[in-house]
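Before any comments, here is the structure.
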Amino acid sequence: MIGISVVLENKLGVFSKQELPASITSSDNFFNDDLDFHTHSSNDFYDYLQFHDVSDYVFISDGARVKRFVMFMNLHYDISFHLCDTKFNCMVGDKDIVSRVAMNLEGELSSATGNEYDLSGIQLKNGLRFLVTGAYPFSIGNSLIKHIYVDSMNLLNEIHVEIYKFAAINSAVLINDPTPLESPQFPCIYVDYDKITQNKLLPTSLYLPEHELQEMIDTFKSDGTIDNPSKIQGIIDYAHTLHIDRNNRLFYFSDGIYKDYRKTCCITEQLNSSFMSLLNRLSYISTRKANPLYDIFPLVLNISAHLQGNTSTFITPYSVHQVAQTIDRHKSLKFLGIINDGKKYAYHVLTNKMYEVNDTFLHFLEFDLKEKIDSEELKAKYSTRFPAILNKFRSIVND
């Protein structure tokens with residue numbers, strides 16, 4: 001079975017997939033995978049293809065980093081990976097395999113390159129915030145490496161190949177050196193960290209000891225408010241300070257591999273340690289599972305840094321506003337409510353957009369977030385108007 005994907009690569013080097021035409025998706029001769037490059041590693045990718053009996057996999061892309069990635073996969077896995085550009089010129093692999101794909105796809109690819117709606121600026125800012133705070137989204141597995149900081153270029157060759165195999169396909173290596181990485185030994189996105197600091201792209205952040213950070217979180221839970229006069233976008237080593245079980249970043253220095261940005265927790269002095277060796281050492285560090293309140297706090301703190309005034313109120317499933325109850329389990333969130341500078345907003349989590357709304361919408365949103373939309377309390381408040389308002393509300397949030 002031949003697997004196929006058309007990979008778009010943006011300016012940062014982040015991969016995304018272009019939808020394949022029906023001639024491929026409906027064919028029994030080709031396999032069209034739906035693996036997410038953000039949340040799966042090279043090992044995951046290989047296991048997934050093996051499970052589906054894929055013997056050859058063709059990447060179709062005009063990107064630059066994708067060639068390094070394909071060559072890395074060929075070095076370390078026994079599936080044959082091939083690469084051609086969008087004109088079906090074979091760049092890596094077997095020309096005959098590429099020709100078979102070209103016969104089915106020629107003339108059916110769109111002209112998209114990955115840069116039409118380039119999100120690399122937003123992705124870079126988000127990635128730097130995750131690197132500094134360690135507060136990764138719930139969708140990222142606890143031990144999926146997303147960021148590797150390397151203090152100097154001469155340390156790069158010390159990194160065990162297993163680290164890359166267990167890192168997300170869209171993971172990044174950050175180095176204080178402008179030299180681009182071109183070797184197939186390095187499949188990750190490359191970021192010049194020295195340029196980042198010179199251009200002042202790091203998020204505005206500060207370190208808080210655990211008791212002060214916990215006080216902020218408790219206040220947020222009790223009334224939904226965030227007081228952020230300094231416009232702080234992130235808490236340095238947030239996850240580590242709260243002892244949250246998160247192993248998504250590694251920091252390589254000449255004296256060892258560290259778990260945290262502040263360089264207070266050395267995992268090992270052996271720079272060439274394998275991924276499983278690091279996990280074994282990390283298992284001795286006392287941690288706790290992240291709860292949804294801990295997970296959402298970095299998001300609302302970052303949002304508050306971009307709003308007017310010093311104080312904002314957020315309506316979430318995990319904080320009190322007009323509904324005293326909260327929920328204590330993770331759930332998929334599409335909208336949050338925000339009250340800021342006398343105005344009310346619905347914040348769309350996936351698109352990072354805000355829409356001005358009224359009190360009634362926020363009232364329904366809070367009941368909905370807390371899974372009480374059909375409560376007698378809400379029905380009694382709006383009486384005969386309840387069905388019409390509910391229908392309007394659902395038409396908006398489900399759009």
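The values are calculated or read from the model by the stated rules, or taken from the named source; none is laboratory data. Just so we're clear, the structure is a prediction, and the values are computed from it rather than from any experiment. No Cβ is skipped: glycine too gets one built from the backbone with ideal geometry, and neighbour counts run over all protein chains shown. When the accessible area is computed, the model is the full protein with side chains, heavy atoms only, and any ligands, DNA or RNA have been set aside. Shrake-Rupley method; radii C 1.70, N 1.55, O 1.52, S 1.80 Å.
Show which lysines lie in cross-link reach of LYS392 when reach means a straight Cα distance below 28 angstrom and same-chain residues fewer than eight apart are skipped.
LYS331, LYS334, LYS343, LYS344, LYS353, LYS370, LYS372, LYS379, LYS381
Sort region 1-77 into rounded, prolate or oblate with this rule: let a ≥ b ≥ c be the square roots of the eigenvalues of the Cα gyration tensor; rounded if a/c is under 1.5, and if a/c is not under 1.5, prolate when a/b is larger than b/c, oblate otherwise. List each step's numbers first, then the result.
Details: a/c = 1.72, a/b = 1.19, b/c = 1.44.
Oblate shape, in that a/c is at least 1.5 and b/c is the bigger or equal ratio.
Could you go through region 364-373 in sequence order and give the Karplus-derived ³J(HN,Hα) for each residue, using 6.51 cos²θ - 1.76 cosθ + 1.60 with θ = phi - 60°, rounded to whole Hz, and x for Gly and Pro?
For region 364-373, the Karplus curve yields 5, 4, 5, 4, 5, 4, 9, 6, 10, 4 Hz.
With θ set to phi - 60°, apply the Karplus curve 6.51 cos²θ - 1.76 cosθ + 1.60 along region 80-91 and write out the HN-Hα couplings as whole Hz, x wherever there is a Gly or Pro.
Once θ is set to phi - 60°, the couplings for region 80-91 become 8, 9, 10, 9, 9, 7, 6, 9, 6, 7, 6, 9 Hz.
With the crude spin-label approximation of a point 7 Å out along Cα→Cβ, what separation in nm comes out for ASN391 versus GLU376?
Inter-label distance under the simple model: 2.6 nm.
Report, to the nearest whole %, how much of the accessible area of region 75-227 belongs to carbon and sulfur atoms, 1.4 Å probe, protein only.
Values: 3810 of 7590 Å².
Solvent-exposed carbon and sulfur of region 75-227 make up 50 percent of the total.
Which value, in Å², gives the accessible area per residue of the chain when a 1.4 Å probe is used on the protein heavy atoms? Can you show the working numbers first?
Values: 19120 Å² over 399 residues.
Accessible surface, normalised per residue, equals 48 Å².
Among bridges DSSP assigns within the chain, what percent are antiparallel (round to 5)?
50
Taking K and R as +1 and D and E as -1, what net charge do the other residues with C-beta under 10 Å from the C-beta of LEU131 add up to?
Every neighbour counted, the sum reads +3.
Residues in region 188-210 near a label at THR264, defined as backbone nitrogen under 14 Å from the 7 Å Cα→Cβ point?
Backbone N within reach: 206-210.
For LYS17, go through the aspartates and glutamates and keep the ones whose alpha-carbon is under 12 Å away, minus same-chain ones fewer than eight residues off.
Qualifying aspartates and glutamates at Cα under 12 Å: GLU9, ASP33, ASP34, ASP36.
Shape call for region 170-319 from the C-alpha gyration tensor, a ≥ b ≥ c root eigenvalues: rounded (a/c under 1.5), prolate (a/b greater than b/c) or oblate?
Oblate is the answer for region 170-319, as a/c is 1.5 or above yet b/c matches or exceeds a/b.
Which of the chymotrypsin sites (Phe, Trp or Tyr not before Pro) across region 196-248 are loop residues per DSSP, with 16 or fewer other Cβ within 10 Å?
Taking region 196-248 and a limit of 16 other Cβ atoms within 10 Å, the loop chymotrypsin sites (Phe, Trp or Tyr not before Pro) found are TYR207.
Quick one: which residues, 5 or more positions from THR86 or on another chain, have an amide H under 5 Å from its amide H? H modelled 1.01 Å from N in the peptide plane, none for Pro or chain starts.
Residues meeting the amide H criterion: SER61, ASP62.
Shape of the chain from its Cα gyration tensor (a ≥ b ≥ c, root eigenvalues): rounded if a/c is under 1.5, otherwise prolate when a/b > b/c, or oblate? List each step's numbers first, then the result.
Details: a/c = 2.18, a/b = 1.36, b/c = 1.61.
It is oblate, given that a/c is not under 1.5 and a/b is not larger than b/c.
Per DSSP helix of 4 or more residues, -39500 (n - 2.57); summed, then divided by the residues of the chain. What does that give at 222 nm, rounded to the nearest 500? Show your work: numbers first, answer last.
Details: 14 runs with 131 residues, N = 399.
It comes out at -9500 deg cm²/dmol, rounded to the nearest 500.
Show me the ranking of peptides 340-348, 78-86 by mean Cβ neighbours inside 10 Å, starting with the highest.
My ranking of the peptides, most packed first, is 78-86, 340-348.
I'd like the distance separating the alpha-carbon centroids of region 365-382 and region 54-69, in whole Å.
Between the Cα centre of region 365-382 and that of region 54-69, the gap is 50 Å.
Looking at region 101-205, which trypsin sites (Lys or Arg not before Pro) are in a loop (DSSP not H, G, I, E or B) and have at most 13 other Cβ atoms within 10 Å?
Passing sites in region 101-205 are LYS200.
Taking GluC sites (Glu not before Pro) as candidate sites, keep only those in a DSSP loop with at most 15 other Cβ atoms within 10 Å, then name the longest stretch of the chain containing none of them. Walk me through the numbers on the way to the answer.
On the way: sites that count: GLU19, GLU106, GLU108, GLU116, GLU182, GLU269, GLU371.
Answer from the scan: 270-370.
Take ASP260, ASP192, ASP223 and sort them by solvent-accessible surface of the protein heavy atoms, 1.4 Å probe, largest at the top.
Numbers: ASP260 0, ASP192 35, ASP223 65 Å².
Heavy-atom accessible area, descending, gives ASP223, ASP192, ASP260.
Considering the zone a paramagnetic label at ALA64 would reach in this model (a point 7 Å from Cα along the Cα-to-Cβ line), which residues of region 1-22 have amide N under 17 Å from it?
In region 1-22, the label zone of ALA64 (backbone N under 17 Å from the point 7 Å along Cα→Cβ) covers 8-16.
Could you order the peptides 379-389, 243-253 from most to least packed, using the average number of other C-beta atoms within 10 Å per residue?
Ranked by mean Cβ neighbours within 10 Å, highest first: 243-253, 379-389.
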